[in-house]
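*Asks:* Before anything else, here's the structure in question.
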Amino acid sequence: MKQLVRHTIRQYHMLPDGARVLCGLSGGADSVSLVLCLQELGYQVCACHLNHGMRGTQADADEAFCRDFCEKHNIPFVSERCDVFAEAEKRKLSAETAAREMRYDFFARCAERMQVPYLATAHTADDNLETMLFHLIRGTGSAGLAGIPPVRGSIIRPLIAVERRQIERFLIERGQNWCTDATNLDDSCTRNKIRHHVIPALRDIEPCAARHALEAAQLVRQDNAYLDAQAREETLPLARMPEALKARRVRSMLEQAGVPMGEITRRHIRAVCTLADKRSGTVSLPGQFRAVNRQGTLSVVPETPKTAPVHIKPNQAMAFGAYTVSIVRKISDIHSSFKYYPIAYDTINMSNLTVRTWRSSDRMQLPGTRGARSLKRLYAERGIAPDERDSLPVLCSGDSIVAAAGIGTDVRFCGQSGFFAVCRR
């Protein structure tokens, strides 16, 4: 195994001889063997462990194991605890994606604190095969079939050509034990089913399945690198690009915008590609982002957070999200920067007025029209982009719309005895 790891490090130019390297240490067989192997190969090894707070006392026992292991082998060690479930809810991500993001954030902080230029993770050939199969059954493109890259920036994977059976043999020969995460034994998880049932079946057919998958992934990555470069350099609008490049340009846009790519599926990519063929529209994306098409120009932007409703009183300017709103009786009290909507001041219950954002059920009837229409349709008729609608103030008396910014006043509340004034701050 040591010879294979040494060859992998040289093949992918991962580390100079004797370099300092930080290893992510979970306590499992893979990460324990990574630390020991690199130390035996003459590298200056440090280790870090993130307790995700997801498995109670078992997670605490794993942290203690890692600390004791590093102390025994004279390895600098840093650990930290976090609450993945709370962070996942905060970031609107799955627990798995949140845990991964928090883990890599922690690794980066540790590397900076310990002044270590390289971070090694313990991904193996089995992990690569598992990842490729997982993506395949979900319906992936070539990006998913590219597997786990041996090098990504300062992150290296020296065990990427090593199989699990080699790792266990390496540890047993040294009398070194390791921790077993009970959640990895649960077959209700798709990845565990692949690991426990599909990969052994593939090995029965072809004992070198993991190694062959690694070679295939490398070929796919080479093709991807070329096509990705072509997609970035292509000057055609997205809607006119060849299909082979269109999805790649979309993925590049999402990555640059900060969208969590682990949450992106082929369905999201198709939806954004379809959006590019339209004149306008929007597509919701994971991580509180959205793709927006404004008159043929596509962009990826953070979701506009919904502004909480506020009660409004006459002659009192109030902040509402990106706007300032007020209700006045005299037009002379309105600053020239405000847009205003006349209302029947004397017929409205001023104690029950609120300003909120629009809802899908909202309907209103404008003067000179027949029947009420949806606010969504009225926004569309006036060319108000979907991402702009979510922040526009809507004045309500109870459940009834009095006036909507960008639209006008409902026929039931028309008059000239007062004004709803709106200004973007």
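*Asks:* When the label point is put 7 Å from the Cα of LYS193 along its Cα-to-beta-carbon vector, which residues of segment 119-142 have a backbone N closer than 17 Å?
*Replies:* Of the residues in segment 119-142, 130-140 have backbone N under 17 Å from the label point off LYS193.
*Asks:* What number, in percent, do you get for the relative contact order of segment 273-415 if the mean sequence gap of Cα pairs under 8 Å and at least 6 apart is divided by its residue count? Don't skip to the end; give the middle numbers.
*Replies:* On the way: 242 pairs, mean separation 31.3, N = 143.
Worked out over segment 273-415, it gives 22 percent.
*Asks:* Given a 1.4 Å probe, how much area per residue of segment 253-364 is accessible, in Å²?
*Replies:* Values: 6290 Å² over 112 residues.
Per-residue value: 56 Å².
*Asks:* Angle between the Cα long axis of helix 95-113 and the longest principal axis of the chain, 0 to 90 degrees, nearest 10?
*Replies:* With rounding to tens, the tilt is 70 degrees.
*Asks:* Please compute the Kirkwood hydrodynamic radius of the chain from all pairs of different C-alpha atoms, in Å with one decimal. Before the final figure, lay out the partial values.
*Replies:* Working: mean 1/r = 0.0387 Å⁻¹.
It is 25.8 Å.
*Asks:* Over the Cα atoms, compute the radius of gyration (one decimal) and Dmax (the largest Cα-Cα distance, rounded to a whole number) for segment 295-346, in Å.
*Replies:* Calculated on Cα positions, Rg and Dmax stand at 15.4, 46 Å.
*Asks:* Then there is this: Provide the net charge surrounding ALA161, with neighbours chosen by a C-beta distance below 14 Å and charges set as Lys +1, Arg +1, Asp -1, Glu -1. Walk me through the numbers before you get to the answer.
*Replies:* Details: positive: LYS2, ARG6, ARG10, ARG157, ARG164, ARG165, ARG211; negative: ASP30, ASP126, ASP127, GLU163, GLU215.
Value of the local net charge: +2.
*Asks:* Further, regarding this structure: Taking a cut-off of 17 Å between Cα atoms, list the lysines near LYS92, but don't count ones fewer than 8 places away on the same chain.
*Replies:* LYS306
*Asks:* Grab the DSSP H runs of the chain that are 4 residues or longer, score each as -39,500 (n - 2.57), total them, divide by all residues and round the 222 nm result to the nearest 500 deg cm²/dmol. Walk me through the intermediate numbers first.
*Replies:* Numbers: 15 runs with 167 residues, N = 425.
Taken over the chain, the calculation gives -12000 deg cm²/dmol.
*Asks:* Measuring from a point 7 Å past the Cα of ARG240 along Cα-to-C-beta, which residues in segment 265-280 have an amide N at less than 15 Å?
*Replies:* 277-278
*Asks:* Please compute the per residue accessible area over segment 139-178 with all protein chains in place, 1.4 Å probe, rounded to a whole number of Å².
*Replies:* Details: 1780 Å² over 40 residues.
Here the residues of segment 139-178 average 45 Å² of exposed surface.
*Asks:* Please report how far the C-alpha centroid of segment 103-154 lies from that of segment 293-359, rounded to the nearest whole angstrom.
*Replies:* First find each Cα centre; the distance between them is then 47 Å.
*Asks:* At a 1.4 Å probe radius, carbon and sulfur cover how many percent of the accessible area of segment 193-292? Each step should come with its number before you reach the end.
*Replies:* Working: 2990 of 5720 Å².
Carbon and sulfur together cover 52 percent of it.
*Asks:* Here is a further query. Just to confirm a number: summing +1 for Lys and Arg and -1 for Asp and Glu over residues other than ALA322 whose beta-carbon lies under 9 angstrom from that of ALA322, what do you get? Numbers along the way, then the final one.
*Replies:* On the way: positive: ARG424, ARG425; negative: none.
With Lys, Arg at +1 and Asp, Glu at -1, the net is +2.
*Asks:* Roughly how many Å is it from the Cα centre of segment 1-66 to that of segment 182-220, as a whole number?
*Replies:* With segment 1-66 and segment 182-220 each reduced to a Cα centre, they are spaced 22 Å.
*Asks:* Which net charge results for the neighbourhood of ALA98, defined as the other residues with beta-carbon distances under 11 angstrom from its beta-carbon, given Lys and Arg at +1 and Asp and Glu at -1? Can you show the working numbers first?
*Replies:* On the way: positive: LYS90, ARG91, LYS92, ARG100, ARG103; negative: ASP83, GLU87, GLU89, GLU96, GLU101, ASP105, GLU263.
Charge balance near ALA98 sits at -2.
*Asks:* Take every DSSP beta bridge with both residues inside the chain and express the antiparallel ones as a percent of the total, to the nearest 5. Could you put the intermediate results ahead of the total?
*Replies:* Numbers: 42 of 56 bridges.
Given both bridge residues lie in the chain, the antiparallel proportion sits at roughly 75 percent.
*Asks:* Related question: Given points 7 Å out from each Cα along the Cα-Cβ axis, report the VAL151 to LYS92 separation in nanometres with one decimal.
*Replies:* According to this spin-label approximation, the distance is 3.8 nm.
*Asks:* Note the full-extension length gain between GLU381 and ARG81 as 0.36 nm times their separation in residues minus their Cα-Cα distance, in nm to one decimal.
*Replies:* Details: separation 300, 0.36 × 300 = 108.00 nm, distance 5.20 nm.
That works out to 102.8 nm of additional length.
*Asks:* Please give the FRET efficiency for ALA344 paired with ALA372, using the beta carbon to beta carbon distance and R0 = 22 Å, rounded to the nearest 0.05.
*Replies:* FRET efficiency, ALA344 to ALA372: 0.80.
*Asks:* Tell me which residues come under 5 Å, amide H to amide H, from GLY53 once H is placed; ignore anything under 5 positions away on its chain.
*Replies:* Close amide H contacts, sequence-distant or interchain: CYS82.
*Asks:* From the gyration tensor of the Cα coordinates in segment 260-314, what semi-axes in whole Å does the equivalent ellipsoid have, largest first, with each one equal to sqrt(5λ)? Walk me through the numbers before you get to the answer.
*Replies:* Values: eigenvalues 152, 53, 11 Å².
Equivalent ellipsoid semi-axes, largest first: 28, 16, 7 Å.
*Asks:* Would you mind telling me which residue in PHE134, PHE65, PHE338 has the biggest mean-square fluctuation in a Gaussian network model of the chain, where springs connect alpha carbons within a distance under 10 angstrom?
*Replies:* Result: PHE338 has the largest fluctuation of those listed.
*Asks:* Considering only C-alpha atoms, what is the centroid distance from segment 375-405 to segment 226-267, in Å?
*Replies:* When both Cα centres are located, 33 Å separates them.
*Asks:* If the viscosity is 0.692 mPa s and the temperature 37 °C, what translational diffusion coefficient in µm²/s does Stokes-Einstein give for segment 128-271 when Rh comes from Kirkwood over Cα pairs?
*Replies:* Details: Rh = 17.6 Å.
Stokes-Einstein gives a translational diffusion coefficient of 186 µm²/s.
The values are calculated or read from the model by the stated rules, or taken from the named source; none is laboratory data. Just so it is clear, the model here is predicted, and its values are computed rather than measured. Quick reminder, even Gly has a Cβ in these numbers, built from the backbone with ideal geometry, and neighbours come from all protein chains shown. Accessible surface is based on the protein model in full, side chains and every heavy atom, while ligands, DNA and RNA are left aside. Shrake-Rupley method; radii C 1.70, N 1.55, O 1.52, S 1.80 Å.
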